[in-house]
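Before any comments, here is the structure.
The values are calculated or read from the model by the stated rules, or taken from the named source; none is laboratory data. Owing to the predicted nature of the structure, the values given are computational and were not obtained by experimental measurement. Note: ideal-geometry Cβ built from the backbone for every residue, glycine included; neighbour counts use all protein chains shown.
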Amino acid sequence: MSKEERSVECYILGQRNEYGMVEWLVDDVVRERQVLESYLYQTGYVCEYADREYWKYRLKTSNQVDFYIRKIVVPADDKKQLGSRHVDKGV
């Protein structure tokens, strides 16, 4: 009998680099998008665009998008390493 592979939805934070490309920050993977979004709101960012799998954020005083959140799916075995944690990074 084949074991069905389970997966869990997570969210990853991305940041625009000096070349205008998005760098996905693998240290900032959480199970609840609100954890990342709360951090961005506290540092002065607003959501510029949202759909079910992708969010873009910019400073209130700027038109340039600097941060991104993307929904990703990881195997259930890896979920033990993921958790809702407070993102405490200066950017």
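In table form, for the structure just shown:
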{"item": "Top-ranked residue in region 36-82 [being in contact (Cβ under 8 Å) with a residue 40 or more places away in the chain, in contact with a Phe, Trp or Tyr (Cβ under 8 Å, 6 or more places away or on another chain) and among the hydrophobic types (A, V, I, L, M, F, W, C); ranked as farthest from residue 15 (Cα to Cα)]", "result": "72"}
{"item": "Matching residues in region 25-40 - criterion: being part of a strand (DSSP E or B) and surrounded by 15 or more Cβ atoms within 10 Å (Cβ to Cβ)", "result": "25, 28, 29, 30"}
{"item": "Residue 56 being modelled with pLDDT of 95 or more, surrounded by 15 or more Cβ atoms within 10 Å (Cβ to Cβ) and closer than 16 Å to residue 22 by Cβ", "result": "yes"}
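Each row is one residue, and each column tells you yes or no for (1) loosely packed, with under 13 Cβ neighbours inside 10 Å; (2) modelled with pLDDT under 90; (3) over 14 Å from the mean Cα position of the chain (by Cα).
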site	(1), (2), (3)
42	yes, no, yes
51	yes, no, no
63	yes, no, yes
72	no, no, no
85	yes, yes, no
